[in-house]
Amino acid sequence: MNKLNMLGLGLAAAAMGAAAPAMAGTCPADQIGANALTGAPTKGKDVTDTVIGAVDLGPEIKLDGRSLRMRMLVVQPGGVVPLHSHVDRPALIMTASGTMTEYRSSCIVPIVHTGGEVAQESGGISHWWKNTGDTVAILYSSDVHNDKK
């Protein structure tokens, strides 16, 4: 590769880094901040939450009282996953289909999640989700659950 091509690649990489947009399904960097979630719903609406598998982490990796679980949530249009906390319960949640809007304690604006996106739920955040689309949304959640709570 000649020097001109290398320079072009370097400039392209720098331009991409400088203009890096927020990743889909995350809080935009310029919108990160405290959100009190005033008026957040505390009861679910039109959502089913089914545990589809779990592993006791005590025998596996000596984390007594913890399980790694996977759940499927089916959220009807307008349905709500109520306000909850991820203190002591890290999770990953994948929006398999549909459109969900997340209202998060660490983001000033709502975060829209669409099919195929994975959201990280950790660091003690609190949040709630609403199906803002016109079709059923399917979510798969994997978390380290504190079985003592």
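Every number in this text was worked out from the coordinates using simple rules, so none of it is lab data. Small disclaimer: the values here were computed from a predicted structure and weren't measured. Here Cβ is always computed from backbone atoms with ideal geometry, including for glycine, and neighbour counts include all displayed protein chains.
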So, in nm, how far is label GLU60 from label ALA29 when the simple model puts each one 7 Å beyond its Cα toward the Cβ?
3.5 nm
For each pair in LYS43/LYS148; LYS43/LYS130; LYS45/LYS148, compute the distance between the two Cα atoms and list the pairs where it is over 19 Å.
LYS43/LYS148; LYS45/LYS148
